[in-house]
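Only one structure is covered here, and it is reproduced in the block below.
The values are calculated or read from the model by the stated rules, or taken from the named source; none is laboratory data. It should be emphasised that the depicted structure is a prediction, and the values quoted were computed from it without experimental measurement. Here the Cβ is made from the backbone with ideal geometry for all residues, glycine too, and neighbour counts use every protein chain on show. These area figures cover heavy atoms from the full protein model, side chains too; ligands, DNA and RNA do not enter into them. Shrake-Rupley method; radii C 1.70, N 1.55, O 1.52, S 1.80 Å.
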Amino acid sequence: VIAHFQPKVLAGRKVLITAGPTFEPIDPVRGITNHSSGKMGFALARAAQEAGAEVTLVAGPVHLPTPRGVRRIDVMTAQQMHDVVLPAAAQHEVFIATAAVADWRPATQSDQKIKKEGKKVAPTFALTENPDILAAVAALPGAPYCVGFAAESEQLLTHARAKLQRKRIPLIIGNLGPATFGRDENSLLVVDADSHHALPADGSQADKLTLARILMQELSQRLSNRTA
Ligand code: CTP
Ligand code: CA
């Protein structure tokens, strides 16, 4: 038996995490979603719990086991995720947004299955914008320390830093795809207002739980610097 001893660097801290995709219904049998696996958010929840934190995980539709000792709340839509996260956020010291929240949802939902019969042309769907959960949490009075994730297909540092500024958050973790999306192994870019570094430091790849554990160490340092 290999015992992974994790120092309890987040003992007593309350950490709120979003994970997975959202699902935006079109009608009772269809919807808009994406390929987010939820693995990074679940790995972070596990690593935070191991580090002694009290963890709440708000998950979109994924088939992943709940990490031990983690309180999990399942949601489907971006609006539901928003409505669970916003009232909970002020009671947490850290908010980590890994969810791939759908940017838009169908403006209206059909109560009945939309039928093909009798349609001369293919239907079109008007979309409406979903709330930006991370930006909304960051704008709360007494906001928790907010960490964003940015999956990009090009210009990772530029896009990640632009999101950091737009959402007014202190830290964002960049992930350059699409080759690594959904994989277990990944390499990340940790970006704050005036510095950035690769994770793992040598630019190699590591599995998501390893990355999550390193991120928890880094997070605890940033939290104690903030309160020092
Ligand atoms: N996010 C969120 N709510 C949204 C959209 C994004 O909380 N409605 C969070 C994500 O969980 C992630 C961060 O914001 O931590 C960045 O998400 P991303 O989709 O990369 O940013 P957007 O601002 O939506 O920009 P775009 O999709 O155009 O790249
Ligand atoms: Ca988006």
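General observations
- Heavy-atom surface of the chain, accessible at 1.4 Å and reported per residue (Å²): 54 Å²
- Max mean-square fluctuation residue, GNM over the chain, Cα-Cα springs under 10 Å, options 190, 58, 84: 84
- Taking the convex hull of Cα positions in segment 116-177, its mean projected area over all directions (nm²): 7.0 nm²
- With contacts taken as Cα pairs under 8 Å and at least 6 residues apart, the chain reaches a relative contact order of 19 percent.
- Residue-wise HN-Hα couplings along segment 33-50, as the Karplus relation 6.51 cos²θ - 1.76 cosθ + 1.60 with θ = phi - 60° gives them from phi, are 8, 8, 8, 3, 7, x, 4, 5, x, 5, 5, 5, 4, 5, 5, 5, 5, 4 Hz; Gly and Pro carry x.
- Near residue 127, the amide H atoms lying under 5 Å from its own belong to 107; only residues 5 or more places off or on other chains count, and H is placed 1.01 Å from N.
- With Cα atoms, 0 to 90° folded angle of helix 208-227 axis to the chain main axis: 70 degrees
- Carbon and sulfur %, accessible surface of the chain computed with the full protein complex present, 1.4 Å: 53 percent
- Rg/Rh, computed from the Cα trace of the chain with Rh as the Kirkwood radius, has the value 1.00.
- Each residue was assigned an accessible area with a 1.4 Å probe, and for residue 197 the value is about 70 Å².
- Ellipticity estimate at 222 nm from DSSP helix runs (n ≥ 4, -39,500 (n - 2.57)) divided over the chain, nearest 500: -8500 deg cm²/dmol
- Share of pairwise Cα-Cα distances greater than 15 Å in segment 70-122 is 65 percent (whole percent).
- Segment 118-193 and segment 196-215: distance between their alpha carbon centers, rounded to Å: 19 Å
- Size descriptors for segment 161-202 (Cα atoms only): Rg and Dmax, in that order, 11.3, 29 Å.
- Highest-first arrangement of 159-165, 60-66, 171-177, 89-95, where packing means the average Cβ count within 10 Å: 171-177, 89-95, 159-165, 60-66
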